[in-house]
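We did not get these values from a lab; they are worked out from the coordinates using the rules stated. If you're wondering where the values come from, they're calculated on a predicted model, not measured in any experiment. Cβ placement follows ideal geometry from the backbone for every residue including glycine, while neighbour counts extend to all protein chains displayed.
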Amino acid sequence: MKLCQSRYNSQCKLSQQDLLDISEEITRSYAPHESHHQPELVLMPVDPVNLYAYWNLNDSDSNSDNIINNTSKPLALRIYSLPELSESASDIKLSFDIKVQGFQNQQKVHLPIAASAYSAVIGEINADNSFSTLATAETIHVPRDSPVTENSPDDDADTIVTGQIQDNNLITHHTHTPLLDSNPDFTLQDSAVMMHTGQMQESNLPLTQTPSVSPATENKPVTESNTNQAWYERLVLANFNDFGYDLKVYGNIPDAESKISLSGQVLNIHIVPKTENTMTKNSSGLGR
Amino acid sequence: MAIKKGFLSIILHAHLPFVRHPEYDSFFEEIWLFEAITECYVPLIRSLERLHKDHVNYRLTLSLSPSLISMLSDELLQSRYLAHLNKQLELAEKEIVRTRGTDKYQKLARFYRRLYLDTQDIFARQYNCNLLTAFKKFSATGHLELITCAATHGFLPLLNKSEAAVRNQINIGVQTFISHLGFAPAGFWLPECGYYPGLEKHLKNAGIDYFFVDTHGIDNASKAPRNSVYAPLNCGNNVMAFARDPESSRQVWSSHEGYPGDYDYREYYSDIGFDLDMDYIAPYILDGHIRINTGIKYHRVTGADLAKEAYHPKKALYKAQQHAHDFINKRQRQINRLSADMDRPPIIVSPYDAELFGHWWFEGPQWLEWVMRFADSDSNAVQTISCADYLTQVSSHQLATPSASTWGDQGYSNFWINETNDWIYPLLHKAGADMEQLATAFRGVKASPLQERALNQAVRSLLLAQASDWPFIMKTGTTVEYARKRITDHLARFNYLRDSIRNNAINDRYLCAMEILDNVFPEANFRNYYLPKQESNATISINQKIQVNSLPNSSINIDQQGVL
């Protein structure tokens, strides 16, 4: 009988059958399952217009075995996006809710708005339509899907000679450049949907489905967990672009005047078109 | 020597998942390595040998993945390959007898016999069963640049939930390369060309000078690339990103316009494993009754909807030469076109999977050899170069960050996360977080030898589960059950080790079994998994006492509070 030994313990000799038995026993008893110490929500970028979310709302540290099982309230995954607008437009934020079932623990999300950064929370929708957060995801960046606009003349200064730059100059996040100048895709403005503070009127130009707009149902601020910044819900665009989500528009200024500037900014939101990507995949190596 | 107008850099990325099953006498999936040795790696070595003998001045880059490095140097797999090759020889001998009376097939049967005998000579006699020796030899001549990849080809954009996971894949990959090849690699092949902004930081820390992204990674960079994809970008920390040239890639990859589909080339899908009577072929197929490719193929592509005609090796070789000439001519025209608008010599970067050459495209290694020969002739201004050489010759590069990208289907991560394989990521992330906790718990603590072994083995189990091959296979739908089992087995082994360590109940016999089963990366060290800035995050409220005084030769008591 052929015996095998570990390079770290030559005294221990095992037969093929021993190896097989131990392997099977370990797989039988320790096969992975999702068991987290605390509630968790994770976002992963898939491509410029899709992300993937998974969550675990179990809390092994609490007395309840399963948060979801203890509640009959509907659950929603709320995605926040930071639109690719000019830097001055950083005072608006968009979100959309995806209703999820209690048995679900993952969701692929098609993004209706082109943005570079997304965050999310998952939580319960209460009877008064308020939202109770159960877990929060870290902000992620999705890939850029088109070239940036022309560089400024100053960019020549960026050409550097190998060996001159220091590590503390490391660039880890690209600069967000407005897509509007270079991208042929349409914006809300292109679709000639005109919006006035909290209201919209339809035009004759087509959108996949012209969004119906209603004033926000509440004006209570939501607070971003990582910055403590308050955001005020201003507009709701029902079934936005036929994606099946209601798009909510938030501003971070509570006064009424902000709605005017907000409406101007929303007109320039870049909507993700429904297109097919035709890139071919590589064939790969043996067994792959 | 006249100054060349532009450069061509061909990169072959050689990778196979780590498949080694000592618990069985033989294991079907090990044939992936055996076929690649016979059809890809040995033919490549043959070509490099001929180029060397003919004093051809060429430059080629070969990326060797750490899992492939580990398999090529593994004695068990080496011996099993020799047994496999003997079986191939036996089948070729049988075929010579069977094809008497059909001259064209018998010539081919003799051709395969010669091929296998020569393979045996190269593998066993010339390189003592370790092909890394051959690659080291050609690297030493200065013509072959060797680079490496992430440890188990982990798809880094989706492991990025944990920086430690990404860093570990990169660092153990580089360590494995150094320990087998004897020097540090300058370049790094990102698995599946999977890049995200920030990855260059880990590459820099691992001593890497350059890496590759797909075309749109540079096209969509943080600043418009002044030289399109024909010059690298400096990511801001002196790590350079080179982009794949779409034009030269298409000539080889495309199923419509690519060279491999030529009618004179050998037909991959015509194999005697499927064509001959079961009684005859049974000893050479899986379990004696499941038909598989044997590697003996008698037909050429011939053409759509036509009866397959016999393969003619000399005609195919002639066609490979023609295609190589065409390839260089097109690169010459491309360089002429590009040079006019560039402030530096263009570099055309053409990366391919090494396993395309010889396995899928039987004549690929000869084509590559002739590309190198034509590029060395004076009749053109195309010079082959490695990316490291290019960086030596051209020192100034535009500063910009590539965009997140891969070379897979649709250019992003879709192939590695979709409805067929998305279930693996919560599990991989969870195991990664657990590994960070273990590494943090033992930081600054003297672990017993048994604990050290268990912790290092946990790192190996995690790495093996993270291979990009498993979600890839699940998506392609080929050997899905095997891929699922591999991930499950490795995560189960990780969980077992984690619990054993936490409970101070490490069973030496079980640990030995895992060290034998997964004997990869002996240099893995759990202490390198520790990521300082996440220390506080890894601390949770469970008090755990670890006692090591039950171990032989140990009298240390360690109280670990609040770290596990």
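Descriptive notes on the structure:
- Rounded to the nearest 20, the size of the Cβ-charge dipole of segment B:117-243 about its Cα centre is 300 debye, with Lys and Arg at +1 and Asp and Glu at -1.
- Applying the criteria of a DSSP loop state and at most 14 other Cβ atoms within 10 Å to the GluC sites (Glu not before Pro) of segment B:199-287 yields B:257.
- Tensor-based shape of chain B (alpha-carbon gyration tensor, a/c under 1.5 rounded, otherwise prolate or oblate): oblate
- Between segment B:394-444 and segment B:124-146, the alpha-carbon center distance in angstrom: 32 Å
- Neighbour counting of Cβ atoms within 10 Å sorts the residues B:56, B:174, B:213, fewest neighbours leading, into B:56, B:174, B:213.
- Antiparallel content of DSSP bridges confined to chain B, in %, to 5: 30 percent
- Computed label-point distance, nm, for sites residue B:118 and residue B:255 using a 7 Å Cα→Cβ extension: 3.1 nm
- Length-normalised contact order of chain B in % [C-alpha pairs under 8 Å, at least 6 apart]: 19 percent
- Farthest toward the positive end of the dipole of segment B:82-203, out of B:203, B:190, B:143, is the Cα of B:143, where the dipole comes from beta carbon charges about the Cα centre.
- Rounded to whole numbers, the Karplus 3J(HN,Hα) couplings from phi for segment B:184-197 are 8, x, 7, x, 9, 8, 6, x, 6, 6, x, 10, 9, x Hz, using 6.51 cos²θ - 1.76 cosθ + 1.60 with θ = phi - 60°, and x at Gly and Pro.
- Among B:121, B:376, sorting on how many other beta-carbon atoms sit within 10 Å of each Cβ, with the fewest leading, yields B:121, B:376.
- Likely footprinting exposure, B:401, B:38, B:488, fewest C-beta neighbours within 10 Å first: B:488, B:38, B:401
- In sequence order, calculated HN-Hα J values of segment B:128-144 (Karplus, 6.51, -1.76, 1.60; Hz; x Gly/Pro): 6, 6, 10, 6, 4, 4, 5, 5, 4, 4, 6, 5, 5, 6, x, 9, 10
- For segment B:409-460, the list of trypsin sites (Lys or Arg not before Pro) that fall in a loop by DSSP and count at most 11 other C-beta atoms within 10 angstrom reads B:446.
- Between the amide H of residue B:401 and those of B:222, B:223, distances stay under 5 Å, these residues lying 5 or more places away or on another chain, with hydrogens modeled in the peptide plane.
- Positive end of the dipole of segment B:339-441 (Cβ unit charges, origin at the Cα centre): among B:415, B:441, B:354, the Cα lying farthest that way belongs to B:441.
- Those Cys residues of chain B for which no other cysteine Cβ falls under 4.7 Å: B:40, B:129, B:149, B:193, B:235, B:387
- Of the trypsin sites (Lys or Arg not before Pro) in segment B:160-250, those whose Cβ has at most 14 other Cβ within 10 Å and which sit in DSSP loop: none
- Relative contact order [Cα under 8 Å, 6+ residues apart], segment B:291-430, whole percent: 18 percent
- The amide H of residue A:6, built 1.01 Å from its N in the peptide plane, has A:12 as neighbours under 5 Å, considering only residues 5 or more places off or on other chains.
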